[in-house]
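The values are calculated or read from the model by the stated rules, or taken from the named source; none is laboratory data. Treat the numbers as computed from the prediction; the structure is a model and nothing was measured. So basically every Cβ, Gly included, is an ideal-geometry build from the backbone, and we count neighbours across all protein chains shown. All accessible areas refer to the heavy atoms of the entire protein, side chains included, with ligands and DNA or RNA removed. Shrake-Rupley method; radii C 1.70, N 1.55, O 1.52, S 1.80 Å.
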Amino acid sequence: MQPFTYQRAQTPQEAAQAAQKHPHARFIAGGTNLLDLMKHQVETPPHLIDVNHIGLDKITSAGDGLRIGALVRNTDLAADVRIRRDYPVLSRALLAGASAQLRNKATTAGNLLQRTRCPYFYDTSKPCNKRKPGSGCSAIGGYERNLGILGVSDACIATHPSDMAVAMRVLDAQVETISPDGSQRTIPIADLHRLPGHTPHLETNLKPGELITHVTLPKPVGGRQTYIKVRDRASYAFAAVSMAAVQLPDGRFQFAFGGLAPKPWRVEGAQNAEQILAGARTTPQNAFKKTLASRLITSALQGVKLP
Amino acid sequence: MKFTAPAGPNPIDQGKVIGHPHDRIDGRAKVTGTAAYAYERNQLAPNAAYGVMVGSTIATGKITRIDTSRAEAAPGVLGVVTYKNAGKLRKARSHAARLLAGPQVEHFDQSVALVVAETFEQARHAAKLVRVDYAPVQGRYDLAAEKANAKVPKAGQFGPSDSQTGDFESAFGRAPVTVDSTFTTPDQSHMMMEPHASIAAWHGDQLLLWTSNQMIAWAVHDTSEILGIRPEKIHVSSPFIGGGFGGKLWVRSDAILAALGARLIKRPVKVALTRAQVPNNTTHRPATIQRVRLGADPDGKLQAIAHESWSGNLNSFREERAGSQTRLLYAGANRLVTHRLADLDLPEGNAMRAPGEAVGHLSLEVAMDELAEKLNLDPVQLRVLNDVQYDPEKGPERPFSSRKLVECLQEGARRFGWSKRNPKPAQIRDGNWLIGLGVSSALRNNPTKESEARVRVDKHGKITVESDMTDIGTGSYTILAQTAAEMMGVPLHHVTVKLAESHYPVSCGSGGQFGGNSSASSVYAACVRLRQALAHKAGWDIEATTFEDGKMSCAGQSMPLAQAAGPKGLSAQDKIEFGDTQKKWAQSSFGAHFVEVGVHRVTGETRIRRLLGVFTAGRILNPKTARSQLIGAMAKGIGAALCEELVVDKRHGYFVNHDLAEYHVPVHADIPHTEVVILEEIDDKSSPMKAKGVGELGICGIGAAVANAIYNATGIRLRDYPFTPDKLLDHLPPV
Ligand SMILES: Cc1cc2nc3c(=O)[nH]c(=O)nc-3n(C[C@H](O)[C@H](O)[C@H](O)COP(=O)(O)OP(=O)(O)OC[C@H]3O[C@@H](n4cnc5c(N)ncnc54)[C@H](O)[C@@H]3O)c2cc1C
Ligand code: SF4
């Protein structure tokens, strides 16, 4: 780990401004991802801005929906009665993630911005375009089994590992931010993450120093909501494939997927596997993900109750 | 004591303390955090500096330049060890590769430097500043590709690699019902809870090594060989060990680098490997390719059995003996077991819990299931039919010391409700889950090993046992205390057990499931001597003297042990030796696993629903610690079946998934309530304790039972472990 300086921000504004003052600084929330990356020196921020005390740890009503503070812990979010009642797919996705100890620390914003679990990304002895632009991708042609098949590029086939984000994507959540100049904006979750293209190191559309303050959920859509996570062991493993499915009261489906792509994957309006998995780029190791996703979609469409 | 003939009645038979489920006597210290593990023995070396190991980032090649100047200039750094300043180091014969590379690099993450600093953080930071340039060369990293080049391994400690009885090929050719199947098992990591860790300090030319090691005498020996110092100058201490599973049978880089670092900076140094360093810097269980051929009569009697196994290792080091159990498990006149070894430039492959048998059952016991189906026989019945009470290679002249495989199978079948199993696969469903049952036999050899202990009685009548035996979480402290308490007729809390110091008598150590039986036998032997000494001192006839309730009694007289010991106390030491008992009797512990799985019809996920193991292992010294060993091993066996795999990057020659997030050991949610039944057995030919090894038995066979249950659930026969969902998906019916 590289030596770094540390400051504790008291307000969102202060945090964003501090980020402008310290180029390459990182916000630290639960630290469950950032600290690991720092220990491996995948990330080497010279300055950390602790955002745990900026007062964004509440879930409040916002119109017909909910407004979730960026620092609300995954455990608290999953347990909230309003979430469990009106957005059950989100609660289930959260509980499918990590372990109880990690969820107690992990925050809403941190979870959205956690980085890929590609093993070569963590291993600084190997080339990785995401870690070191232009150095090459070690995963392609190597251990690719759990890497992506949709939205990937020749430069990077990593996936976004979050469960929570998949549910938020199916629910059309929005991300609220504040920038160092004090300006605020709202980004649809669909636009938060970028696809790798030639620049896999650029993962989101956030600007330098832009801080996530809230995530808002629109009016509950009702219907039948499920979250299925398929993995190699019964708990405490990242998804091979996960699916958030909502069957709306009018019978139509909304799907979003984890484990397949560099961002929570959703094809707007798609009602079958073919549409959703169009353009999938598989390798012998990860071709199973396509089969698996397709089986999940088919069973959801048939009304099979999973798991 | 020379143990050469079956044991007669002895005080252990009383079963007043032995055989009772006492809690571990070190349990409280462990769960309250007061047991000091190697890295935490700060009071012994309060001024220890911190060392962080730097591993090679190439697998095969040469170091061309090593620049430590930036690391040395970093804050807090006290010194950097590399091959340039380490002095002459030899490779221990028990290692495949050297523990410090340079200039040659033999495997990925082989240590190239140790950075020592005032704090851990400083050392870790400076470790990243060591610059090493390499000239890599292409190595061999793919077992399947090297299989054709595999050779007959040189005969090692386990004897010749091949065995042949009768004429397998022609018997197999004639057999009306045959199975010919090939299996693969991947590399696996021990992933014990405590990574390798040591603190080293030099007192003049004496080296003190506080470490985490299963075999104290080997540690002394190997350290002496590597550093070129005399064994008497080395003191090794390892009283608490956070698991080993074979990964700590030999000193590893943490210990040697700590010693080198301490010598360099003239101050104690502590080194712990990180979790990510464990898979590539240390040893692992090597991958295998196994071909099993079985030929049987229509009535199910095996006529021909062949088990051929291929594994790879660094520098032709040693083969994985996957055929071990096949030499003994079933009858059959025509047999062939071979092992071939390919040169691979991956990290050293070596013993991991039940080496050989753990992976060997994964193929043999699935092939038996295939055969049962072809014969239209129940798989339990097929195994019972082919039971044999003697070593089937040697014939009736070498009977088993005890063998209750059939009893295990039948009792298990009864308890599990095996008769309700539908032999036709893919018939039972529970919601989305396809349900199946599977069975497997279990055999793990019962090696016995010379072991020595000292027992003392003091003026208060309290007993102290000393031996360099280790407790790797298995319960050695407890069973040795129980043995001494039984022998000396005192309550358990009057016994103190001191282990794992190299100045204590040399024990068998912990490995190969010989530890409990052999070391308890050494305590037995030392107690026999102490009883003799006490009787002799009192002028009593030892034959007529009994030890009970803290007293010794003879011919109507009685004396408290405290008095008998006298003001100075009395001590005795003895070594148990097993002569040719292993030659005379085949010795193994046995069991049967029964598993119920659910396979998700949509996702291909396999989850265990029920599991039962029925075992026999001679006298059970402590049913609680024995059960813990069995359920732990069963959980590990489920890992081998469903999720554990070190993934080889065949381009770069290393294990990619080198952490616990990506190397998947089973978690609690994977293991349902585990039912363990231990059948009564007394094995008087194994040792005076009449016990057999139990620590590795549970891992043998359970993975095959899972495979067989998956087949019963789905009709899909999997032969490439582990059975992750991707292996099933293409074979499951459409949703
Ligand atoms: C062993 C293990 C298993 C796991 N398994 C799963 C799993 O199965 N499913 C799953 O979904 N996740 C899993 N996780 C990941 C876990 O959910 C994330 O680590 C966690 O959600 C990150 O939240 P955090 O608050 O700790 O983020 P941090 O580590 O504090 O931060 C992560 C990133 O977000 C940035 N950040 C934090 N807050 C803000 C903000 N307000 N505005 C802008 N940027 C911000 C940080 O700068 C950093 O770049 C696992 C993690 C581990 C270690
Ligand atoms: S897939 Fe992406 S993250 Fe992984 S090695 Fe390639 S570039 Fe790096």
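Some observations on this one:
- Surface share of carbon and sulfur [accessible, 1.4 angstrom probe, percent] for chain B: 52 percent
- Across all C-alpha atoms in segment A:242-284, the radius of gyration and Dmax reach 11.2, 39 Å.
- Remark: relative contact order (chain B) = 17 percent; criterion is Cα-Cα distance under 8 angstrom and separation of 6 or more residues.
- Model label points for residue A:125 and residue B:64, set 7 angstrom from Cα along the Cα-to-Cβ axis, are 1.8 nm apart.
- Coordinate range along principal axes, alpha carbons of segment B:547-687, Å, largest first: 77, 38, 36
- Simple spin-label estimate for residue B:119 and residue B:568 gives 5.4 nm between the two label positions (7 Å along the Cα-to-Cβ direction from each Cα).
- Rg/Rh (Cα only; Kirkwood hydrodynamic radius) as it applies to chain B: 0.99
- Highest-first arrangement of B:266-274, A:45-53, where packing means the average Cβ count within 10 Å: B:266-274, A:45-53
- Extents of segment A:118-179, taken as max minus min of Cα coordinates on every principal axis and listed largest first, are 36, 30, 19 Å.
- Relative counts (whole %) of C-alpha pair distances in the protein assembly as shown, using bins that are 10 Å wide: 2, 10, 18, 21, 20, 16, 9, 3, 1, 0
- Peptide B:474-487 is shielded by partner chain Cβ atoms: per residue, an average of 0 of them sit within 10 Å of its Cβ.
- Residue-normalised accessible area of segment B:492-599, expressed per residue, 1.4 Å probe, Å²: 38 Å²
- Modelled label positions at residue A:154 and residue A:202, each set 7 Å beyond Cα in the direction of Cβ, lie 1.9 nm from each other.
- Using the Cβ-Cβ distance between residue B:424 and residue A:252 with R0 set to 45 Å, the FRET efficiency from 1/(1 + (r/R0)^6) comes to roughly 0.65.
- Segment B:1-147: Rg to Rh, with Rh as the Kirkwood radius over Cα pairs: 1.21
- Scaled against the 2.2 N^0.38 Å expected of a compact globular protein of N residues, the Cα radius of gyration of chain A reads 0.96.
- Percentage of interatomic Cα-Cα distances in segment B:383-476 larger than 19 Å: 68 percent
- For a label point 7 Å along the Cα-to-beta-carbon line of residue B:583, residues of segment B:503-522 with backbone N under 13 Å: none
- Per residue, in Å², the accessible surface of chain A once ligands and nucleic acids are set aside, probe 1.4 Å: 40 Å²
- Kirkwood radius, segment B:210-304, all distinct C-alpha pairs, inverse of mean reciprocal distance: 16.3 Å.
- Largest-first ellipsoid semi-axes for segment B:104-182, taking √(5λ) over the Cα gyration tensor eigenvalues, angstrom: 50, 16, 14
- For chain A, with all protein chains in place and a probe radius of 1.4 Å, 51% of the accessible heavy-atom surface sits on carbon or sulfur.
- In segment B:576-670, GluC sites (Glu not before Pro) in a DSSP loop with at most 12 other beta-carbon atoms within 10 Å: none
- Paramagnetic label reach from residue B:193 (point 7 Å along Cα→Cβ; backbone nitrogen cut-off under 20 Å): within segment B:263-289, residues B:272-279.
- Sum of -39500 (n - 2.57) over DSSP H runs of 4+, divided by residues of chain A (222 nm, nearest 500): -6500 deg cm²/dmol
- In segment B:514-621, inverting the average of 1/r over every pair of distinct C-alpha atoms gives 18.5 Å as the Kirkwood radius.
- Net charge over other residues, Cβ less than 12 angstrom from the Cβ of residue B:547 (K, R count +1; D, E count -1): 0
- Extension gain, residue B:496-residue B:23: 0.36 nm per intervening residue step, less the Cα-Cα distance, totals 168.8 nm.
- Scattering curve values for segment B:625-725, log₁₀ I(q)/I(0), Debye with Cα scatterers, q = 0.11 Å⁻¹: -0.47
- Evaluated at q = 0.15, 0.17, 0.26 Å⁻¹, a Debye calculation over the C-alpha positions of segment B:466-509 (equal weights, vacuum) places log10 I(q)/I(0) at -0.35, -0.45, -0.90.
- Peptide A:282-290 - average C-beta neighbours from other chains (10 Å radius): 2
- The B-A contact accounts for roughly 3300 square angstrom of buried accessible surface, both chains included, probe 1.4 angstrom.
- DSSP H segments from chain B that extend 20 Å or more along their own axis, Cα-based, with Kyte-Doolittle mean of -0.5 or above: B:357-375, B:515-538, B:623-642
- The relative contact order of segment B:350-459 comes to 23 percent, based on Cα pairs under 8 Å that sit 6 or more residues apart.
- For segment A:46-109, applying the loop criterion from DSSP together with a ceiling of 12 other beta carbons within 10 Å to the trypsin sites (Lys or Arg not before Pro) yields A:58.
- Relative contact order of segment B:509-636: 17 percent, from C-alpha pairs under 8 Å at least 6 residues apart in sequence.
- Estimated FRET transfer efficiency when R0 is 22 angstrom, pair residue A:181-residue A:24 (beta carbons, to 0.05): 0.75
- Projected area, mean over directions - segment A:189-238, Cα convex hull, nm²: 6.6 nm²
- With viscosity 0.692 mPa s and temperature 37 °C, the Kirkwood radius over alpha carbon pairs of segment A:1-91 converts through Stokes-Einstein to a diffusion coefficient of 223 µm²/s.
- Of B:248/B:584; B:30/B:498; B:248/B:270; B:270/B:498, those spanning more than 22 Å from alpha-carbon to alpha-carbon: B:248/B:584; B:270/B:498
- Stokes-Einstein translational diffusion, segment B:276-428 - Kirkwood Rh over all Cα pairs, 1.567 mPa s, 4 °C, in µm²/s: 75 µm²/s
- What the Kirkwood sum gives for segment A:21-145 is a hydrodynamic radius of 16.4 Å, with every pair of different alpha carbons counted.
- Accessible surface of residue B:1, taken over heavy atoms with a 1.4 Å probe and every protein chain present, rounds to 60 Å².
- Take each residue of peptide A:235-245, count the partner chain Cβ atoms within 10 Å of its Cβ, and average: the result is 3.
- Using the 1.4 Å probe convention, the accessible area of segment B:1-107 works out to 50 Å² per residue with neighbouring protein chains retained.
- Highest-first packing order for the peptide set B:617-623, A:106-112, B:129-135 is A:106-112, B:617-623, B:129-135, based on the mean count of other beta carbon atoms within 10 Å.
- Chain B: calculated mean residue ellipticity at 222 nm from DSSP helix runs of at least 4, using -39500 (n - 2.57): -7000 deg cm²/dmol
- One equal scatterer on each Cα of segment A:197-307, no solvent, Debye formula: the resulting log10 I(q)/I(0) at q = 0.15, 0.17 Å⁻¹ is -0.79, -0.96.
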